[in-house]
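To start, the structure itself, in structure tokens.
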Amino acid sequence: MKRSIRGKLAVILAAMVLGTAGGCQKKDADSPPKAQESADSQQSGESAETTQKEGDANGSQSGADADSQQSGANAKSPQTQEPDQADTTEYNPWDDPSYDPDYDPAKDGLEYAGPPASVQDNESADTTSAQSGAAMGRYTEQALPGIEGLAALSALGSLEDGTLRVLGMADMDEGAAVWDSHDGGTTWEKTYTAAELSGVESPYCISGALSPDGAVFLCMHPLASMSAAGDGSSQYVYGKITADGTWQQVDLALPDADGGSDGYLYRIAYVQPGEILVQVLGGDAIYRMDDSTGELLQTYNEEGAYVGYFENAGEILYAFGSDNVMAIDCATGEADPASSVLTGELESDSSNLELMSSDTFPTVLCSGQQEGEVFYATKDGIYRFVLGGSVVEQVADGTLNSLAKPSVQLIAMLALKDGSFLIAVRDEGQIQILHYTYDASAPTVPDTELKVYSLTENRQIQQAISVFQARNPDYYVSYEVGMTGSDAVTASDALRTLNTEIMAGSGPDILILDGMPAESYIRRGILLDISDVLQTVKETDGLWENITNAFETDGKLYAVPSRFRIPVLAGNADTLSRITDLASLADEAQRLREEDGDVPQILEISSLYWTVRAFYEAYSNGLVDADGAFQADAVRNFIEQMKRLLDLNHYTDVQAGHVYSTEAREEEAGYDFTTVLGMPEFLQKLVKLGQANIDGAFNLENFLSGAKLDNSLSYIPFRASGASVFVPNTVVGISSQSEKAQDAKEFVRFLFSRDAQAGYQEGGFPVNRAAFEAQIGVKETESLASTAFSYEDEDGNIVDYVYEVTGLADEEKEKLRKIVETLDTPSLTDAVIEELVVSQTAQCLAGRISLEEAVTAVSQKMSLYLQE
Amino acid sequence: MKKKILLIPLGALALLCCFPILFLCTGMLMDKGELKECLGPVLQGTEGYVSWRLVPRFPTLQNVVELLLDSPEFFVMFWNSVRMTAGILAGQLLVGVPAAWGLARYRFRGRKLLYTLYIILMMMPFQVRMLSDYLVLDRLHILDSHLGIILPAAFSTFPVFIMYRFFGGIPEAVIESARLDGANALQIFGYIGVPLGAGGIVSAMVLGFLEYWNLIEQPLTFLKDKTLWPLSLYLPNIGLERAGTAFASSAAALLPAVFVFLLGQDYLEQGIAAAAVKE
Amino acid sequence: MTGFLFLLPSLAGVVVFILLPFADVVRRSFTSVLGAFVGLANYRTVFSNSAFLRAAWNTLRFTAVCIPLLLLLSLAAAVCLQRLPKAGKVLKSAYLVPMAIPVASVVLLWKLVFLRGGILNGLLAWAGKAPTDWMNTDGAFFVLVFSYLWKNLGYDVILWLAGLAGISPEIYEAARVDGAGEWRIFASITMPNLLPSLYTIAVLSFLNSFKAFREAYLVAGDYPHESIYLLQHLFNNWFRDLALDKMAAAAVVTAAVILALVLVLQRAWERE
């Protein structure tokens, strides 16, 4: 028996060992964030070795290894390349941090300082961090001064002599133009416009590419002459501008059978001087063409696998599909095996491949200065790869600069000869070119680390963190989200984990208390009093104190909302005047239905899930009375009235399927629909009443602009439970267990400052008065957007309509201010109660349980909770 | 004759115990549309009741394929489970078997006390110890690693409790004769105790496997790094789109457990038989 | 002394990983969340906390119902199986199957069977009876008991069989020769010889009754129906709300009760 036990145990052990080995392999392949080197990791020395082994052109170059470069830092030895431009004094303007526009380095006879330590020959450098012990060196970001007159950017490039070049749109009238900078990006001048060279009027630059030899290739759409189609000729103009400024119209021999967008070139890039790669809008194949003759030289991806867009690094083409990246060697037309690690890395995170808009890209790519070197940037940072290599190396961490900022979208990337990078981005509508230079004296990871935690992803916080770090480079703010939504972790689980960390002393410094038991934390002394921080903001910018002091305890402020939403009702002004609470809303709705039996919906409800949540927020303070006792009648009232409102609507079967689903669907996840106040629906006579918890001036601007077309429409604050309720958002607190209370207060002060609150409009009105005024301050004459809708009029004709969304009129601004002044009751923020009530209500409304059952269930669970 | 009648209720009971496996297997082979139809009433709240077919109308291997080929995290988690469970069982063998032997066969002061202590400690529900465990593991710097799960579990008093009884059942006479033959304590333990108590050891291992293969609370609390998570945390809240994969992964998670106790059953029986044979 | 040495490694680990945390829990029962000493305040709070009392009562009720049921059922099954050696082998394996099914799958199954639109209601509707919402009424208790019995039947059957196998067949022979009936034999021979096993099996079943929480939690969430709101639910929720002081005090109370129970059982067994 013993022997057979041993035998069987041996089998099991063997399986284990094999499995472990297999598991390890899989792990390395599957867990890309681990495989990446971060600039300060100890393994970076290793990566230097591997890349060396892969046979770098120069054999001893290493990647951007932060800590291995101590000893070689900023040695003034000249670069061992580019002797071509013998006369040009190459200089590094970034040595001078003050960006003096009159600075003329030639005057000082400055030698080229050489590439940053990162790309230097490191034969003598240690691979472990030398002198100071702390890892030093990282890429710092500066925004180049804006290019005047640039409305949109199509391409970013550099010329042999170091001139930086931008191709873009000057504005609608002037059209496509090229700007050059001869001083490294400090000043730009418009070299020429496509209009003046080509004679085409107001050419709209659809796309373009810049060649290092000075040529420019464009695909333009002459706006002035909107050609009526029919004669088969393309309405798009293709042209090449040579280095000496001559225009040459080119007839591209594009194959017909490709998507058929008659020649709208979505992407153009130079693969080598004289030859371009193009992708037609909607097409999947990529064509290599001669830029002077228009001849089709080669076609890639003929099979037509879906390609969203492409980038290229010289002769290697990277085609981004929906869930994969194809690396194609343009010389052979075959897949490039040397890029497999790179594509694998990119594919591991689907957000690297997801196209969110027509002119920005999730990943931008460019070739490096060395043979086979490829750089790319995503929201996670800047990465380096050497063709044929086995690792992708992170060169700059996105969270330490603007790359991770939610409002930033990438357009193009360029690696400069001095080892720095330019990345063109769009940030909240503005075009910016960001310059990343290596600073060997900056600590790799800033000294002070602050941890911020929130239960669900909060974009304002991400935005604020990016800006804060950009302004305070010696701070490193890490952001942790408890429930990412991609795994089975529930809110309770996340809270338990958070609590263990807090108690163990490794908890976050700053807590965003949305969805958390704030009262419990306050009671147990987990939060710090931040009245002093708020006092300073109050004195400079002013605060809506009725909001910030919502959770005041014993005269102290432990948890302070930084944003708020206002529940409103919209509809006919007359009707609204009779609505004083939830019950009267249902009554009015009923009356409206009796009046008009045809209108599809009385109260707009397009999703039970979101509507119940929105109404809950407006009503919830009535569920628990002042002593914390539970009001069963209030629950019954809530569910009853909601049911009435729902039953008054007529839905088609298709609509019902959506409405009655009690879960937020995937397409809705990540976006809070409780804030949506429809407007076209009113004008289209599809609804009579609307409700939303508006989160910013834009909601109102949109509504009121449309209301100008129908003077009977108006809005009122929704006092569902009779009280003037607001919904607190992004409630900020500092942990009393934090060892960095002062630093945390700095960050919190920033969160409440005008800059942090004025920029990003999602998430709620700012509590900072100055920011609030800035947000609502858009003039009535200024147009923000236009909304188009169509409706069927009495005769059955479809009528298209467009209205401009403008700023608020002064009376409206005043009205809003008055409303905010009267807000005095916060909606119940307790997530447990919200979950209980909302889930039972939704079940009842969807017809799965009766009213009695719902009320009983809620009462029972609530009492258990309140007893605990 | 009478005996055969007993088969009916017993058989019914057996069927009741086994139907979930059938359910999982057939569910695994159903395609999305059929799953939606059958399971809609619960998973999506549509009208009617959940129905179940013995044989799927349109059998498909889609779910299995999706699991094996499209879900890399499944394999990672599977091997995490294997690693953790194997580590724990190995630790329990190393530490628990001698402990049970010592408690069962030797008389020393405090023995009774220790044994009672062991039983009590076995009973503590995890929620109670959660924070304190976390603090201890944190101090030892084994948080967020498999060791942080393996070590505390390896010292669990549960297997000691099971093996205690089996070791207790070994006749004193056998031990005496070995001692007379000149064997020392370790030899007695190794050559007599372990083989004769094998039934108990294997039982403890099998039961331990079933317990630790399904561990949920500890990994959730102590492992922050998702790549270290075991299989038991793989099945998220089952939504309709994932129902097929959920069935497939349940079946996959089920297999090792079945495998283990099919293996262990023989020894369980032999152990029982051995214990039954008294000199 | 050698015995102690055998025990040492285990003891060392137990002290570090189990005793130490428990000592920490005891300490916390006398302090506030952040560490200030408060004496017996937490205990007072806990004993007057209605949620605790309800949870304690539910847990007691659950244990008092399901353990005897399980013991009886599994004993009956084991005795029958002993008489049917061939079929017994297959049946035994069948009974063990529930233990092997991963918890998450069990939860999925229970959802599909017991929720409003589940199979059980479907069967009832087909049979003409009215369907009930099992998980949201007092029926939840029986669902939990059923779940417990279903899962642990095989486990206990195996252990009973082991115990039964330990009774020498000669004694049975002798008794039959003396003319004793089946029941008589059972009462005066089988039962007494099983008593040592009974102790082990009772303790193990008691241990497993705590595990029923996992399924209850995964199916019904943080706040299930009152009848299955167990002590662990309470601990879980207190932890989420950082009410660590109450949790520690309640834990110590629970441990004390279990200790008392175990001591009583032990004393009872000593007498035999």
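Read-outs throughout are calculated quantities, based only on the coordinates presented, and are distinct from any laboratory measurement. Predicted model, so just to flag it, every value in this text is computed and none were measured. Every residue, glycine as well, gets a Cβ built from its backbone with ideal geometry; the counts of neighbours run over all protein chains shown.
Values as computed for the structure displayed
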{"read-out": "Positive dipole terminus of the protein assembly as shown, leading residue within A:Val200, A:Leu387, C:Thr63 (C-beta point charges)", "value": "C:Thr63"}
{"read-out": "Relative contact order computed over chain B (Cα-Cα under 8 Å; 6+ residues apart), in percent", "value": "29"}
{"read-out": "Scattering curve values for the range C:50-244, log₁₀ I(q)/I(0), Debye with Cα scatterers, q = 0.11, 0.12 Å⁻¹", "value": "-0.62, -0.72"}
{"read-out": "Under-5 Å amide H pairs with A:Ile694, H placed in peptide plane, nonlocal only", "value": "A:Ile566, A:Val568"}
{"read-out": "From phi via Karplus (6.51, -1.76, 1.60), per-residue ³J(HN,Hα) for the range A:342-348 in Hz, x at Gly/Pro", "value": "5, 5, x, 4, 5, 5, 5"}
{"read-out": "Sequence of A:Ile286, B:Ile192 once ranked by neighbouring C-beta atoms within 10 Å, starting from the fewest", "value": "B:Ile192, A:Ile286"}
{"read-out": "Student exercise, the protein assembly as shown dipole from Lys, Arg, Asp, Glu Cβ charges, in Debye to nearest 20", "value": "12200"}
{"read-out": "Charge sum, other residues only, whose C-beta stays under 15 Å from A:Gly245's C-beta, Lys/Arg counted +1 and Asp/Glu -1", "value": "-2"}
{"read-out": "Helix-only [θ]222 nm of the protein assembly as shown, DSSP H runs n ≥ 4, -39500 (n - 2.57) each, per residue, nearest 500", "value": "-14500 deg cm²/dmol"}
{"read-out": "For C:160-168, mean number of other protein chain Cβ atoms within 10 Å", "value": "4"}
{"read-out": "Farthest toward positive dipole pole in the protein assembly as shown [+1 Lys/Arg, -1 Asp/Glu at C-beta], among B:Gly182, A:Ser351, A:Ala573", "value": "B:Gly182"}
{"read-out": "Selection from A:Tyr438, A:Val481, A:Thr448, by position along the positive dipole direction of the range A:410-495 (Cβ)", "value": "A:Tyr438"}
{"read-out": "Neighbouring partner chain Cβ atoms per residue of B:217-228, average, 10 Å criterion", "value": "3"}
{"read-out": "Cα-based shape type of chain B, given that a ≥ b ≥ c are square roots of the gyration tensor eigenvalues and the cut on a/c is 1.5", "value": "oblate"}
{"read-out": "Number of partner chain Cβ atoms within 10 Å, mean per residue of C:76-84", "value": "3"}
{"read-out": "Residue exposure sequence - A:Arg138, B:Arg57, B:Arg129 - by fewest surrounding Cβ within 10 Å", "value": "B:Arg57, B:Arg129, A:Arg138"}
{"read-out": "Distance violations [Cα-Cα > 28 Å] among B:Lys226/C:Lys211; A:Lys538/A:Lys815; B:Lys32/C:Lys211; B:Lys112/C:Lys92; A:Lys379/B:Lys226; A:Lys708/A:Lys818", "value": "B:Lys32/C:Lys211; B:Lys112/C:Lys92"}
{"read-out": "Cα gyration tensor, the range B:76-155 - rounded (a/c under 1.5), prolate or oblate", "value": "oblate"}
{"read-out": "Cα gyration tensor category, rounded, prolate or oblate, for the protein assembly as shown with a/c compared to 1.5", "value": "prolate"}
{"read-out": "Calculated diffusion of the range C:144-266, Stokes-Einstein form, Kirkwood radius summed over Cα pairs, 37 °C and 0.692 mPa s, µm²/s", "value": "186"}
{"read-out": "Derived scalar couplings ³J(HN,Hα) [the range A:561-571; Karplus, 6.51 cos²θ - 1.76 cosθ + 1.60; whole Hz; x for Gly, Pro]", "value": "x, 9, 9, 8, 10, 10, x, 10, 10, 10, x"}
{"read-out": "Residue exposure sequence - A:Asp359, C:Asp133, A:Asp173 - by fewest surrounding Cβ within 10 Å", "value": "A:Asp173, A:Asp359, C:Asp133"}
{"read-out": "Neighbourhood net charge (14 Å Cβ-Cβ; Lys/Arg +1, Asp/Glu -1) for A:Glu814", "value": "-2"}
{"read-out": "Sequence-separation-based contact order of chain C, relative, with Cα cut under 8 Å and 6+ spacing, percent", "value": "32"}
{"read-out": "Charge dipole magnitude, Cβ of K and R +1, D and E -1 - the range C:50-244, Cα centre, debye nearest 20", "value": "340"}
{"read-out": "Among A:824-832, C:168-176, A:775-783, the order from most to least packed when residues are scored by Cβ within 10 Å on average", "value": "A:824-832, A:775-783, C:168-176"}
